[in-house]
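Each remark here refers to the structure printed beneath this line.
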Amino acid sequence: MLINELKEIVKIEKDVVSFLKSLSLNRKEKTAFVKEVKELRNIVFERKDSTKKTKWGIEYSSNPTHSDQQQQTMNLVCFLLYNKTDARRIFSNNNFLISKKVINEILPWFAPKWYSDLVNEANPWDLDYDLLIYLQEQEYLEPSKELIIAKLPNAIVDSTWVDGVHKVSYKPEVLLRNEVTLETHIWYLFEEDSGINFLDVWIKTIVDFTSKGHLNRKKVLIATIYTATKGFNQTLSGWFFELLLKLNPTKEEVLMLQDELFSALNSPHSKVVNTVLKYFKIAAIAKEFKYIIFIENASILLSSEVKSVVNSTLMILDKIAKTHKSLQIDICKKATEALLNTDEKIQVRAAKIINKYGDATNEELAAEIEMYTDALLYASKEIISDYIHTDPTELEDDISETVEMEVLSEHTRLPVYETFDDLIFFVSQVLANNEMYHIDLLLMYLPKLNLLITKDNASRLAPILKRAFDLSFSHEWNSQIGYIESMAALYINDLGKEIVKKYPTELSNFWKYRDKKFKEDTWRNGSKKEYLRRFESHSIPYYVYNLHRFLFAYSLGNIRNKRTIPVLSTPTHAPCWIAPEVFLDRMLDIQKQGGQFNLYDFQIGLGRIPLTEMTTEISRKIDQINEKEIRLVLRYHFGGIDFDNCKIIESKFWLQSILTRKNPANITRFETITSTNLQFQIAMYEWSCKPRENTYKVYDYQSRKDVKKTIIEKQLKFNNFIRKTHTYSSPLEKIKNFFNKKVNKKAFDDDNIYKFIYFKREQYVTTILAHDDIKFLYLAPNNPGPYLAQIIHNNMKESKFYDENSKKNMVNVLKGLYEIWYRKDYSETTYLFLATGFLCSDKVAREIAAEIWIKTTSEHTMNHTLLGYAIGKLQFGEYAPMKRFTDIFGLNMFNISKTHNLHLFELTDAIIKEMNDTPMRGLKKLLELFLELKRKFPNIDISVGVTQKLRIWKTSKTLEKVIEKLI
Amino acid sequence: MATNTLNYQYNALSSLQNTNGQENLLLSKFNEVHKGNSPCFFWGKLNNPYELSRCLITLSNIVQSSFNLSPFQLGLLKDPIVTAGNNQIRFEGFSHCAGVYARVDVLENGQDGEFIENGTTNVDFNTPLISELGKIKKNDDLILSVGKKEVGFHKEGESFIERKVPLPTKWIKGLTTVQHYFSESDYALTLSRIQALQLFKSIPSGKVKTDYFLIKRGSKYMFSPLKAKNAVCIGGIHRLKLVQPLIPLINELKIYPQKDMQSVTFILCFNELNLVFSVSRDFWRGFSGEGAALEALIEDLPDSLVKAFDNYSFTNQEFNPTLLSFEAGIDISKIDKLATKLSAMGLLGYDLDKNGFFYRRLPFKLERILSLNPRLKGAEKLLEENKVNITSKKDNEIEARVEGSGVQHYVILKGETQKCTCTWFSRNQGERGVCKHILAVKKMAKSL
């Protein structure tokens, strides 16, 4: 029996080759033997799991049951007997196929048919190019293109470890060992991505081999240029064009390879295009240069976003125009396309070409230029003024004239749900976070739905309950929702528990599903316990979520007591506004039902009413409110009473109205009466941006320990920032206070929603999920300052972001701010936040900041001086590169309308006024844009402060010219 | 992901060769479904070689691109499809992720040649060919041959080039779904070349996750990250960069948003040549996952009708339901939703410019295409397993319970309104087609 013989060989670890050589099997015998071999192999490769107790706990390990030698023996047997499918299964993830034993002792007398295919497929790690060539020479292997590409790049370096030191040696001679390398293999590297760019030494090698004549220079040049159109990534394309630069083609070669170079212009990578243009600049005046084709291609080049590409193209067009007079008008027409560029230098260069070679009487050319007049900057317009016969289109000004801010419009009115069906389909989508205000509406509508549930319709709730249940216990990440949705799921779960008790038969399916899930989750054994806990006893990830928790709990109270006391803070208009009449109706409804409103609900609700002046309707409703002080608060809130005539007993009722009306005298009086400081609630902080020394612990690799390192960082900081206002009194303190009667009853006693608007940096970047952040902002849309101050303090000390999450939060909050911004008198902190939006490192955030400016300028709700002050003061401390602001300025904010331009002038003036006497980098562009605006409004004077600043800056050579034009 | 293997078998590599000062573009063809015998569909001159070659390079970039797949999947190139007939040639293709669709339409006057046979076929797009296309100049004479005209150059039936690629069903499904989206898209505006250049300059750099909106600021159009009333919405705006190099060459740019903003289509108009470019709602959401055409698919159409349609139609022919019903002797009422069903089966394409469907049969086996809609299959399974229970049916109102996993879903159909309590519907509110529960109820209601 062969198998027994083999078992013995394996057992005593005897060499198997002679046994293999002696095998002579017919097909049937082979099939039977292979079956036995497979079984034996399984045994030999079996592993044994073991556990060991250590002081750290139980350690699991898995060990082979047979020696390496025994396993090797089995592999050799399999190599000889297995078909391709079986062999692929065991040899594709290791180096066995190219092991010395196989190559030296088996392949000389037996090579399986599949050998070459499997080596190509497996791409063994240990197979190097030398060995690949050897196998090819011996005709064991027909290497595929992919295998050659994988192995050739490393062929010219030898990487070894000698005494623990990594040594790399260069051995280009390996390429000369076999003709096939330079005749065929090396050219594959120009065809596909081989990672050749990770070895810089290849550039030297190819250049050397070309100069020594081992490689045909023309062929190398063509192959290199053609890499531009192979779809390579930026780095690889850049690497090949670095090679081209090192090969340094002569002018004659460039002319000879024009077709190839023209096709390289289709590359999406600027390094490629720039390199081609560099050579074309040299060749452009030669007779053989295919200038017609260049002019044809110029349109694509002139619309490039890369300035150097546009500049080089214009330079070449200039050269062609100089030598080919008959084409001058065509070239001028082409050059007009660069007039769309917002860079002044480029526009001027194009304008100069037109001025130099054009003919102002040529109607076609004039018509072409006419199309670009709206985009022309002053300097270029002056150069080609002969061609411009009409004024640029007057900017429409109707935007600013007609747009009036309407917070409570029909367009933003939220739907009202009444029927069971309406409510059930609304509730079923809340957990998907389809709209930001859905959670707010849920607080109002779930108690309403609760009262409509009957035996007949209870089963319809099962999918909602299941979804809430699944969300509470699923471990899957869902980027579409925030933690507040998870809280909503817990809140719905509590309703579920109530109605399942009441309608067990109708909801039996859900009940069974729930039990099944609990059983599946036994290893954790926590789900059931968690589920059974009441909403109120679940923890929240951080303090700032408290307000939502209170609201959910308040609404749950309604559900448990089977009532529908209105939730005052439920919005009536998107995204978070409440119509004053509806708010008052809800107050009256609560009064009618004999209920008490919840203080936080009242404060949030009142803060969500857009600033409204008293009307007869509002006054009538206020009159019906029983509680005298609330009546007074509401009268004051709608401007119907002078605050000086109001008697304050419960300060907590007044707070939101004081903060909404933002009357400085009223605020001072309130603070005096209540012996409180509202600095935190108004977010009124002094701030500065300057270089600051910060010390960090960093790991030092040489000394192998943490060391302290001081780094100077330009940081924005609030000088007198209040982290939080609230500290909980211990029960003992509370009792003491009660008996000592120390508490000033009139004092503002911290019972206000703002005490929850607090978080730490690490919580902002990790715990607060995107989507939740906007919901926090919407808690106080009339007074977003305290929340934004927290973001500035935690996230915007520097203009770059700590991680993707904080970037996303910034974009979200700016989007939220865009939605709610409706008044000019937001606090300085709010304007500072917007200013950081303009300067932060995320372009989307900057664009949204610009959109806020555009919208609020149209609606006359922007304080341009205050925004300019904030941006200028930030830039005094070089908070961010100026380019971030000037790019947005030029592309998004300039030339929107006459009014926008006027206010942009005002904004820029305010920015410059605050900036440092030492001009920062990138300032020239800002001044150029300021000059464009000044030229649009020659009658408006630059402010005195700015004129003084410009005089100081004039000493800078780069700024001198533009400042001369300004003053 | 369900994956089939498509085995492209070409007789020769596509190539561009210069003979006697004339550029000859041979597009080697392959079709799983053989209809007709000619090895060549079209042979003739193309009148706008420079722009066409740039459009084809862009199309090649699109079929090679992917916005949500891994580099491994990216490496497997799917070949574009060419449809020739009725004096028009169309080249169409999809990105790997099935979120970007492009079609190059050579209009009637854009070619001067012979349509030897009508049909649709895969064509080989290889890297050297794309390299060569970059060399085409404005005044070159470009001869296109879809399939080799001279038989005998190679042995008939023998394949020289064979390329196996896993063909994700989503790719074909996307090709069919996008046509339906076109039919639901309305013309919004036309931009001049200069306006289009300004617009494309406002595309933010990098991969953008936020939605962008097309707005007009002052005299120029631009993309803004903030939602504006009635503004065209574009998700995954970075995908538009694929066509950015073509913008300097266009005459004008037309924009067609889908009615629910689930896709946006741009038509880049050149002389006698259009490039239709469409992006799905989001870069991570291909057209394939959308259920736009599902409702039409629940219509049971007799095989004879589909067969009749296939027989009476020729490539690129405008789809005319009335004519079809007359010629095939079929009741017009049955043809009501035929167009949607046929486009979902890969038999119709949609021409936005002409505002109508045209016949073109995708070069894939019909069974591949028909087995693609999981939601439809899901609905049919629900019916088979008797999991649908219509509890009330009045004139215009149906209420039903449909068994889901663990719980029963509640479905209500009331006039135009249709709602379900399942997760899919709750999340998408019908914007991405209805859920399998609604589909099942509708199908059952039809049979009642």
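The values are calculated or read from the model by the stated rules, or taken from the named source; none is laboratory data. The structure presented is a predicted model; accordingly, all values stated were derived computationally and were not measured. With ideal geometry, Cβ positions are generated from the backbone for all residues, glycine too; neighbour counts draw on all protein chains shown. Areas reflect the complete protein model, heavy atoms only, side chains present, ligands, DNA and RNA absent. Shrake-Rupley method; radii C 1.70, N 1.55, O 1.52, S 1.80 Å.
Structure data summary
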| read-out | value |
| --- | --- |
| Model label zone, A:Ser841; criterion: amide N under 17 Å from point 7 Å along Cα-to-beta-carbon; scope segment A:856-880 | A:878-880 |
| With every protein chain in place, chain A: carbon and sulfur % of accessible area (1.4 Å) | 50 percent |
| Listed residue pairs exceeding 28 Å between alpha carbons, taken from A:Lys381/A:Lys961; A:Lys924/B:Lys209; A:Lys529/A:Lys760; A:Lys883/B:Lys220 | A:Lys924/B:Lys209; A:Lys529/A:Lys760 |
| For segment B:182-288, accessible area per residue (1.4 Å probe, heavy atoms of protein chains only), Å² | 31 Å² |
| Partner lysines for A:Lys48 [C-alpha distance under 21 Å; skip if fewer than 8 residues away on the same chain] | A:Lys7, A:Lys11, A:Lys38 |
| Partner chain coverage, peptide A:885-894 - average Cβ within 10 angstrom | 1 |
| Measure of compaction for segment A:192-351 (Cα Rg per 2.2 N^0.38 Å) | 1.09 |
| Those residues of segment A:415-444 for which accessible area with every protein chain present is at least 50 Å² below the isolated value (1.4 Å probe) | A:Phe425 |
| Segment A:2-144: radius of gyration and largest Cα-Cα distance (Dmax), Å | 17.4, 58 |
| Size of charge dipole - segment A:853-938 - debye, nearest 20, with Cβ of Lys, Arg +1 and Asp, Glu -1, no other charges | 200 debye |
| Between segment A:624-687 and segment A:539-599, the Cα center-to-center distance that results, in Å | 22 Å |
| Set of lysines near A:Lys55 by C-alpha distance (under 29 Å), chain-local residues within fewer than 8 positions excluded | A:Lys705 |
| Model label zone, A:Val165; criterion: amide N under 19 Å from point 7 Å along Cα-to-beta-carbon; scope segment A:693-719 | A:702 |
| Karplus 3J(HN,Hα) series, Hz, for segment A:904-920 with 6.51 cos²θ - 1.76 cosθ + 1.60 (x for Gly, Pro) | 5, 4, 4, 5, 5, 4, 5, 5, 4, 4, 8, 7, 5, 5, 7, x, 8 |
| Of A:Lys717/A:Lys855; A:Lys290/A:Lys322; A:Lys808/A:Lys855, those spanning more than 20 Å from alpha-carbon to alpha-carbon | A:Lys717/A:Lys855; A:Lys808/A:Lys855 |
| Label-point gap, in nm, between A:Arg723 and A:Ala574 - each point 7 angstrom along Cα→Cβ | 4.0 nm |
| C-alpha center-to-center spacing [segment B:388-448, segment A:220-294] in angstrom | 62 Å |
| Surface share of carbon and sulfur [accessible, 1.4 angstrom probe, percent] for segment B:374-447 | 41 percent |
| Largest-first ellipsoid semi-axes for segment A:567-685, taking √(5λ) over the Cα gyration tensor eigenvalues, angstrom | 23, 16, 14 |
| 10 Å Cβ neighbours from other chains, averaged over peptide B:134-140 | 5 |
| Cα pair distances of the protein assembly as shown binned at 10 Å [whole percent] | 1, 7, 12, 16, 18, 18, 15, 9, 4, 1, 0, 0 |
| Accessible surface of segment B:182-288, 1.4 Å probe, proportion on carbon and sulfur as whole % | 45 percent |
| Per-residue [θ]222 nm for chain A (sum of -39500 (n - 2.57) over DSSP H runs n ≥ 4, rounded to 500) | -16000 deg cm²/dmol |
| Estimated buried accessible area (total), pair A and B, 1.4 Å, Å² to nearest 100 | 4900 Å² |
| Gained length - A:His389 relative to A:Ser409, 0.36 nm times residue gap less alpha-carbon distance | 2.7 nm |
| Highest-first arrangement of A:636-643, B:114-121, where packing means the average Cβ count within 10 Å | B:114-121, A:636-643 |
| Calculated FRET value between A:Ile712 and A:Lys760, using beta carbons and R₀ = 25 Å, to 0.05 | 0.55 |
| Where labels lie 7 Å past Cα in the beta-carbon direction, separation of B:Lys259 and B:Glu108 in nm | 3.0 nm |
| Taking the convex hull of Cα positions in segment A:758-966, its mean projected area over all directions (nm²) | 10.8 nm² |
| Spread of Cα-to-Cα distances over 10 Å intervals beginning at zero, given as percent, for segment B:374-447 | 21, 60, 19, 0 |
| FRET efficiency, A:Arg631 to A:Leu452 (Cβ-Cβ, R0 25 Å, nearest 0.05) | 0.15 |
| Residue mean of other protein chain beta carbons inside 10 Å, B:212-225 | 5 |
| Kirkwood-Stokes translational diffusion coefficient of segment A:290-388, alpha-carbon pairs, 4 °C, 1.567 mPa s, µm²/s | 100 µm²/s |
| P(r) tail fraction, segment B:182-288 - alpha-carbon pairs more than 21 Å apart, % | 28 percent |
| Distance between modelled label sites at B:Lys414 and B:Thr19, nm, 7 Å Cα→Cβ extension | 7.1 nm |
| Accessible solvent surface per residue of chain A, calculated while the other protein chains remain in place, 1.4 angstrom probe, Å² | 47 Å² |
| Backbone N within segment A:251-267 under 15 Å of label point (7 Å from A:Ile222 Cα along the Cβ vector) | A:253-264 |
| Mean separation of Cα contacts under 8 Å, 6 or more apart, over the residue count of segment A:2-144: relative contact order % | 19 percent |
